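All of the numbers you see were taken from the coordinates with simple rules; none came from a lab. In this text the structure is predicted, and so the values were computed from the model without any measurement. Neighbour counts run over all protein chains shown; Cβ positions are idealised from the backbone, glycine included.
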Amino acid sequence: MDVAISLNGEGLCMDLNSAELGKEYVISDVDTGGDEEMESFLFSLGCYSGEKITVVDKKRNLVVSIKDARYNIDPELAAAIHI
């Protein structure tokens, strides 16, 4: 399993693929690499900096809980969400 970990000015940061099941995280950044469609989609889910997110299940895709709703997202989307 690849783990994307970087050190930013606020401390240790990792992408959502590395999150522990059931643990609540705060989104520190959403980095879509300039893909406006992906950024707009994630924003429509309530996925933006400062929002709380929990990984509920991991199989091929991740089931995440954001604002009392659950979404199934693929690893590419999860990699864009930094916690």
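Summary table
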{"read-out": "Estimated 222 nm signal from helices in the chain, with DSSP H stretches of n ≥ 4 weighted -39500 (n - 2.57), rounded to 500", "value": "-4500 deg cm²/dmol"}
{"read-out": "Label of the coordinate-derived value, Kirkwood radius over Cα pairs in Å, listed as [x] 13.0; [y] 12.6; [z] 14.0", "value": "[y]"}
{"read-out": "Dipole magnitude of the chain about its Cα centre (Cβ charges: Lys, Arg +1; Asp, Glu -1), debye to nearest 20", "value": "460"}
{"read-out": "Label-to-label distance, nm, for residues given as residue 35 and residue 61 (7 Å Cα→Cβ offset)", "value": "1.4"}
